[in-house]
Amino acid sequence: MTSTDSAPKAPAKDPWDLPDVSGLVVGVLGGTGPQGKGLAYRLARAGQKVIIGSRAAERARAAAEGIGQGVEGAGNAETARRSDVVIVAVPWEGHGPLLQSLREELAGKLVVDCVNPLGFDKKGAYAIRPEEGSAAEQAAALLPDSRVAAAFHHLSAVLLEDPEVAQIDTDVMVLGEERADVEIVQALAGRIPGMRGVFAGRLRNAHQVEALVANLISINRRYKAHAGIRITDV
Ligand SMILES: NC(=O)c1ccc[n+]([C@@H]2O[C@H](COP(=O)([O-])OP(=O)(O)OC[C@H]3O[C@@H](n4cnc5c(N)ncnc54)[C@H](OP(=O)(O)O)[C@@H]3O)[C@@H](O)[C@H]2O)c1
């Protein structure tokens with residue numbers, strides 16, 4: 001028996017034992033759009049300090065004022081600089097160029113990508129596979145000094161933005177390379193009533209999570225719904 005074999009094993013950590021994230025500042029790039037604004041509203045309503053970013057600081061300030069809940073608005077660069085966790089909520093077309101331009105401001109930050117690369121034609125929505133594999137992997141490639149995670153792909157911005165909706169009844173698949181980072185994002189999701197963050201693998205498996213939105217859009221169209229997802233048996 002080696003000394004390693006005889007060492008007492010540390011008890012396995014409860015996967016639902018998540019960190020306290022209440023003191024973190026969350027920035028949202030592209031926070032003037034429905035997804036970013038909706039997430040900002042929900043997180044701020046749950047007590048999180050939130051800054052929304054825009055290519056035009058004035059637009060972000062106006063949107064922040066509309067949200068209330070203590071949300072601030074700033075340019076995307078300032079938002080990135082002042083935040084601990086930065087959610088990327090811009091269209092796929094703007095994703096690469098924006099992240100490339102903010103590489104310095106995003107260094108050392110936890111960047112959470114919620115971008116779904118999609119195309120639309122007369123048959124509806126379809127998933128695009130980026131050269132890097134997924135939007136999240138593109139973010140990781142462009143931001144070598146940041147910690148990149150992926151989450152919040154399957155939310156309905158309509159529900160997020162509706163103040164009459166008390167609970168957002170959905171799970172949030174969270175992907176990333178570092179367990180500590182994934183747990184921060186899970187904990188952030190868990191602050192929103194009805195929402196639960198579930199670890200769903202490494203970034204190399206982000207494509208199918210991003211792509212699933214094309215299916216949700218089809219579901220929403222057929223059933224006139226704002227569908228979310230639930231992972232069973234966990
Ligand atoms: N909508 C949803 O229900 C939903 C749900 C889950 C995930 N998502 C994902 O979240 C992202 C944002 O969705 P959205 O519906 O909020 O999108 P959006 O309204 O089209 O865009 C969000 C914001 O991004 C900024 N933006 C637009 N083009 C840009 C560019 N080329 N470069 C940099 N910034 C640009 C704009 O802000 P400024 O002009 O103020 O800079 C815009 O208000 C998308 O990638 C989408 O796949 C959306």
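Here are some notes:
- If you go through the stretch 188-227 and pick out every residue that is under 25 Å from R45 (Cα atoms), open to solvent by less than 40 Å² (accessible area, probe 1.4 Å) and in contact (Cβ under 8 Å) with a residue 12 or more places away in the chain, you end up with 8.
- A Cβ distance below 8 Å, combined with a sequence gap of six or more or placement on separate chains, defines the contacts here; from the stretch 84-103, residues that are open to solvent by less than 10 Å² (accessible area, probe 1.4 Å) reach residues that are within 6 Å of the ligand (Cβ to nearest atom) and among the aliphatic types (A, V, I, L, M) in the pairs V88/L98; V88/V115; H95/V115.
- Checking each residue in the stretch 58-102 for being more than 9 Å from the ligand (Cβ to nearest atom) and in contact with an Asp or Glu (Cβ under 7 Å, 6 or more places away or on another chain) picks out A64, A77, A80, R81.
- Any helices (runs of 4 or more DSSP H) falling wholly within the stretch 47-125 and containing at least 2 residues that are in contact with a Leu (Cβ under 9 Å, 6 or more places away or on another chain): 76-82, 92-101
- In the stretch 126-211, counting only helices (runs of 4 or more DSSP H) that sit wholly within it, the ones holding 1 or more residues that are over 24 Å from K37 (Cβ atoms) and over 15 Å from the mean Cα position of the chain (by Cα) span 135-142, 179-190.
The values are calculated or read from the model by the stated rules, or taken from the named source; none is laboratory data. These numbers come from a predicted model, not from an experiment. FYI the Cβ positions are ideal-geometry reconstructions off the backbone, even for glycines, and counts take in every protein chain you see. For the accessible areas, the whole protein counts, side chains as well, though only heavy atoms, and no ligand, DNA or RNA atoms are used. Shrake-Rupley method; radii C 1.70, N 1.55, O 1.52, S 1.80 Å.
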